[in-house]
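The values are calculated or read from the model by the stated rules, or taken from the named source; none is laboratory data. These numbers were taken from a predicted model, which means no experiment stands behind them. All Cβ positions, even for glycine, are placed from backbone atoms using ideal geometry, and neighbour counts span all protein chains on display.
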Amino acid sequence: MNSTIHTLLNHRSIRKFKDLPLTDEQIDAIIGAAQQASTSSYMMAYSIIGVTDSELKSALADISGQPYVKQNGHLLVFCADLHRQTHLASNEEYSEMIENLENSEHFLVSAIDAALAAQNAAIAAESLGLGICYLGSLRNDISKVDQLLDLPKHVIPLFGMAIGHPAHQPDLKPRLPKKAVYFENQYKEHDESLRAFDKEIAGYYESRSSNSRTDTWTEQMKRRFMKTMRMDVTDLVQKKGFNKR
């Protein structure tokens, strides 16, 4: 096993960080790695906001409800960005572009580009001995995040990433078995694999060193999808000119 695969297979979310800021060299390396991610049709349809202002961090932490949004070595917010592609267009050219800008295809492209860049950033950070945690909780009030970051039309905040020097080492959380996520040639049902995973994850939750509980993966998913959440995201996405067609 090489060092890259070792890093990937040992990923865990870090939610407690030492009070040490990242150096400029570390930030440059992480952002540089993010920029080398694959991108659809060379669009590079994302932007990354590095949050250094303490008051802004506090406001984002209040939205998230997570203290590590404020207490970390560096905070990044990844945005889908189709504004850059239109910035130098004339009014007539923009009018011809709008149907494509607002379709579902380019919403997906920009979100995927941002996710690919973020995962490159995560791997780079972990290769430097740092820890990361993705922050979907910034979408708890996506319109407020949009306002706080002063994002123009055709730019929306997708998620954040807290990066820093780990102050804890949580247990490695099991993943679904290969049979549940990888199929040859066509999709297959996988009840047996899910039942086996439920047993494995139940044992993990009962025995882990902190926050032990009785639970299974399928029960978590039922709870997740039986309770509506973040129903305002669609409105903001469409207001900013994404996924309207």
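A compact table of results
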quantity: Unmet requirement for N120, which otherwise passes all of (1) touching a residue at least 40 places away in the same chain (Cβ under 8 Å); (2) farther than 24 Å from D62 by Cβ; (3) in a loop (DSSP other than H, G, I, E, B); calculated: (3)
quantity: Any hit, the stretch 212-229, residues being under 22 Å from A118 (Cα atoms), at pLDDT 90 or above and assigned to a loop (DSSP other than H, G, I, E, B); calculated: no
quantity: Test: residue in the stretch 95-107 that is outside any strand (DSSP E or B), closer than 30 Å to I5 by Cα and under 16 Å from the mean Cα position of the chain (by Cα); calculated: no
quantity: The stretch 56-100 - residue that is at pLDDT below 95 and within 15 Å of Y46 (Cα to Cα) and, of those, surrounded by the fewest Cβ atoms within 10 Å (Cβ to Cβ); calculated: H87
quantity: Sole exception among (1) among the aliphatic types (A, V, I, L, M); (2) in contact with a helix residue (DSSP H, G or I) (Cβ under 6 Å, 6 or more places away or on another chain); (3) in a helix (DSSP H, G or I); (4) farther than 22 Å from G164 by Cβ for A80, by number; calculated: (3)
quantity: Only listed residue being in contact with a Phe, Trp or Tyr (Cβ under 6 Å, 6 or more places away or on another chain) and not in a helix (DSSP H, G or I), chosen from L151, L172, L176; calculated: L176
quantity: Options P170, P157, P166, P177: the member that is over 26 Å from A111 (Cβ atoms), at pLDDT 95 or above and surrounded by 12 or more Cβ atoms within 10 Å (Cβ to Cβ); calculated: P166
quantity: Scope the stretch 12-53; condition farther than 19 Å from S110 by Cα, in a helix (DSSP H, G or I) and touching a residue at least 12 places away in the same chain (Cβ under 8 Å); matching residues; calculated: Q26, I27, A29, I30
